[in-house]
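Data first, discussion second: the structure below is written as structure tokens.
The values are calculated or read from the model by the stated rules, or taken from the named source; none is laboratory data. Predicted, not measured: the structure shown is a model, and the values here were computed from it. Methodologically, a virtual Cβ is constructed for each residue, glycine included, from the backbone with ideal geometry; neighbour enumeration extends over all protein chains shown.
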């Protein structure tokens, strides 16, 4: 698992927050050391002093995004682990939905993850970082499926997470006011067809 964002120095966190904003607004083509310095309101050269190359910047940002999302997933996993076994699945699914709504309320992290995921198809190092974070969400979904007492096979949770990724991406394309309703309806349909049958 990547180091949690809380362990970052204030300056490195400021640079990564700025890089996250640049990536979310301008995409990978706009992500440069100078753009990060401007976004962070720091002197030119600040970003390159901490993250010398573009590869270093992309790797650090991928670790930051993955760790931030993993923190949310870990919190949901802990919450679900603390619930009695007989708590109904709808309540557990609702917890996951609330996490997704939180992500949609601050979409920069999701937008950055989408950009970095595409880049990771060409960069095995970035792919490995993102895969570690994704495994946590697959484990949470697998745990929910297991509480149903159904034999779902090892790949079913992964398929479901892939479906949820698509729903999140589709929600990002909706007007802000429509995202929560779209997410709720899409999750209900997807989970009922793939997980809760």
Would you call residue 8 at pLDDT 95 or above and within 23 Å of residue 106 (Cβ to Cβ)? no
Could you say whether any residue in the range 35-54 is outside any helix (DSSP H, G or I) and crowded, with 21+ Cβ neighbours inside 10 Å? yes
Residue 27 surrounded by fewer than 18 Cβ atoms within 10 Å (Cβ to Cβ), in a helix (DSSP H, G or I) and on the phi > 0 side of the Ramachandran plot: yes
Just one of 126, 137 is closer than 16 Å to residue 70 by Cβ, surrounded by 12 or more Cβ atoms within 10 Å (Cβ to Cβ) and modelled with pLDDT under 80; which is it? 137
Modelled with pLDDT of 95 or more and surrounded by fewer than 17 Cβ atoms within 10 Å (Cβ to Cβ): is that true of residue 78 in this structure? no
